[in-house]
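Data first, discussion second: the structure below is written as structure tokens.
Nothing in this text is a laboratory measurement; each read-out follows from the coordinates by a stated rule. Quick caveat: nothing in here was measured; it's all calculated off a predicted structure. Cβ sites come from the backbone with ideal geometry, for glycine too, and all protein chains shown count toward neighbours.
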Amino acid sequence: MTTMSIQGAGSSSGISYQQVLDTDPVPPIPALRIQGDPVPGPEPTAIGVDRYLSREFADLERQRLWGDTWQFACRREHIPNVGDHVLYEVADQSIIVVRSGTDRIQAFRNTCRHRGTTLVEGKGNTAVFKCPFHGFAWSIDGTFRGMPAAWDFPHAEADALRLGEVAVAEWQGFVFVHPGADPEPFAAFSHPLADHFAQHPLADRVVAHHACQVVHANWKATMEAFLEAYHISTTHGHTIRFANDFDCQYDLFGPNVSRLLQAIGIPATALQGTVPAGEIARTVQKMLPAPDRVADVPDDVDVRAFLGERFRQSYSKRWGVDLSAASDAELLDSIQYFLFPNFAPWMGWSLPIAYRFRPWGDDPGQSLMEIMLLHPVGPGASREPAAEHWLEPGETWTHAPGFEALGMVVDQDIANLHRVQRGMRADPTHRLLLADYQESRIAHFHRRLNRQLGLS
């Protein structure tokens, strides 16, 4: 099935992403041909900077967002054995995610039912959650086991003392939690992610690298820097000779999902026809190990066909998986999905990314940014996930294992963010001015956030 891009009247007149796919020798999977919802106007007057600055707005998010929506908590490989558990925390939420049975994952509030002490700090493996204050204890399925001096609690009933359970859902190896009382089924909330990733599954991958950094900007400002490609020509100017920025396709899929599609191997609109094909091919090959690169590439080469085959062979060998049927788009392009409120899984092989953004502490001007790189697991390969690598605020992302090349681009994005936050503080009356098309995902997010918070 083919469809045209949903670019509006004000969009670039260059080659659309769909037109790029039309010429690919190895055709894309159907999901990349699907057209998103029409893009409404951004309603910029509804987005004041107070929502990035004020503690009152952060408090509203704490009450109505983080306690009442689906959120990515961990991967299955983080808790492979019975008793393995991790702690997911955001705002006031502190949730234990535990493998309570061979085929069962549960989540509980990290709160002792006696006097409220947290039961878990960090991750580990246990058969019993035991309060460090008075010794109340629970099995890992949440059932109450007992307390010291039980004779002094004749009024306590075991059923009433069960740990507070939180809804759990799994999708493509990702584990989600919902702290609210009546969660929408995850399949409906996340539609159409399941359909789109059916032919490009992520469940059989593993977190090969995981980097985290506290950023001096509100979590929404940090996240929004990664929801559009409009900034690329200015912030990542070196990429426009091989990556098409203004001609990206943006799709909205219902209230909770959006997507960005960017062609690699195609220069920016203003440069098309001026960058030799051989130069493009040589530059993009720098994403591959040196032995897998071809140095002498003629200038009449079909760039995407050439690169698709080089990446197909390199990744198949590197990971021990068969990518002979993988499309050129999956091997090369930036294919970034977003699930409200703070999770962005990528589809593809060259950039196997998953983003997560959260508030950091109770300061509206601080956020936690995480990037995971998900590699396929070939026969005999380890499913042990990488440990989190914490970068100091301001430290270069090139210091994080696995980010030696990608880190430079992330650094360029992070460098903008403290200036964004500082600039917003300099004019608290400012309202965001968003492009109709290229920043439509940001407007889409804020409209959804408004509904979540009960705002007009």
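Cross-link partners of residue 317 among lysines, defined as those whose alpha carbon lies under 26 angstrom from its own and excluding same-chain residues fewer than eight positions apart: 286.
Rank the residues 130, 286, 220 as a footprinting-exposure proxy: fewest other Cβ atoms within 10 Å of their Cβ go first.
Working: 130 17, 286 10, 220 24.
Ordered by Cβ neighbours within 10 Å, fewest first: 286, 130, 220.
For the chain, the dipole from Cβ point charges (+1 on Lys and Arg, -1 on Asp and Glu) about the Cα centre works out to 700 debye, to the nearest 20. Using the Cβ-Cβ distance between residue 37 and residue 290 with R0 = 41 Å, the FRET efficiency computed as 1/(1 + (r/R0)^6) comes to roughly 0.40. Only one residue of 303, 397, 150 has its Cα farthest out toward the positive end of the dipole of the chain, where Lys and Arg carry +1 and Asp and Glu -1 on Cβ, and that residue is 150.
Per the helix-only calculation at 222 nm, which mean residue ellipticity applies to the chain, given -39500 (n - 2.57) for every DSSP H run of n ≥ 4 and division by its residues, nearest 500 deg cm²/dmol? Can you show the working numbers first?
On the way: 12 runs with 103 residues, N = 456.
Rounded to the nearest 500, the figure is -6500 deg cm²/dmol.
Looking at the chain, which longest stretch skips every one of the GluC sites (Glu not before Pro) that is in a DSSP loop with at most 16 other Cβ atoms within 10 Å, leaving the sites themselves out? After excluding every exposed loop site, the longest remaining stretch is 158-387.
Loop-only check: which chymotrypsin sites (Phe, Trp or Tyr not before Pro) in the range 63-161 are DSSP coil with at most 13 other Cβ within 10 angstrom? Can you show the working numbers first?
On the way: sites: 66, 70, 72, 88, 108, 129, 133, 136, 138, 144, 151; in loops: 66, 70, 133, 136.
Sparse-neighbourhood loop chymotrypsin sites (Phe, Trp or Tyr not before Pro): 133.
Please quote Rg/Rh for the range 101-153 to two decimal places, taking the Kirkwood radius as Rh and restricting both calculations to Cα atoms. Using only Cα positions, Rg/Rh for the range 101-153 is 0.97.
How much of the calculated P(r) for the range 273-317 lies past 14 Å, in percent of all Cα pairs? Walk me through the numbers on the way to the answer.
Details: 409 of 990 pairs.
Value for the range 273-317 (Cα pairs over 14 Å): 41 percent.
Assuming a ≥ b ≥ c are the square roots of the Cα gyration tensor eigenvalues, decide whether the range 379-456 counts as rounded (a/c under 1.5), prolate (otherwise, with a/b larger than b/c) or oblate.
Working: a/c = 2.55, a/b = 1.66, b/c = 1.54.
Taking the square roots of the gyration eigenvalues as a ≥ b ≥ c, the range 379-456 is prolate.
Backbone amide hydrogens, once placed in the peptide plane, bring residue 69 within less than 5 Å of 180, excluding anything fewer than 5 places away on its chain.
Between residue 392 and residue 155, the FRET efficiency from the beta-carbon distance, with R0 = 51 Å, is close to 0.55. Between residue 165 and residue 384, the distance separating the two model label sites (each 7 Å from Cα on the Cα→Cβ line) works out to 3.4 nm.
May I ask what percent, to the nearest 5, of DSSP beta bridges between residues of the chain are antiparallel? Just about 95 percent of them are antiparallel. Here the range 330-384 and the range 170-244 have alpha carbon centers that stand 5 Å from each other. Max-minus-min Cα coordinates of the chain on each principal axis give 85, 57, 42 Å, with the largest extent listed first.
For the chain, the list of Cys residues with no other Cys C-beta under 4.7 Å reads 74, 212, 248.
Dividing the convex hull volume of the alpha carbon atoms of the range 314-456 by its residue count gives 164 Å³ per residue.
Would you mind ranking 16, 367, 233 so that the residue whose beta carbon has the fewest other beta carbons within 10 Å leads the list? Please list the in-between numbers first.
Values: 16 21, 367 25, 233 17.
Ordered by Cβ neighbours within 10 Å, fewest first: 233, 16, 367.
Using a cutoff of 8 angstrom between alpha carbon atoms and counting only pairs six or more residues apart, the relative contact order for the chain works out to 22 percent.
What does the charge add up to near residue 97, with Lys and Arg as +1, Asp and Glu as -1, over the other residues with Cβ less than 10 Å from its Cβ? Numbers along the way, then the final one.
Numbers: positive: 99, 123; negative: 84.
The answer is +1.
Ratio of the range 71-188's C-alpha Rg to 2.2 N^0.38 Å, to two decimals? Compared with the compact-globule rule of thumb, the range 71-188 sits at 1.07. Taken along its principal axes, the alpha carbon cloud of the range 143-292 reaches lengths of 83, 37, 36 Å, longest axis first.
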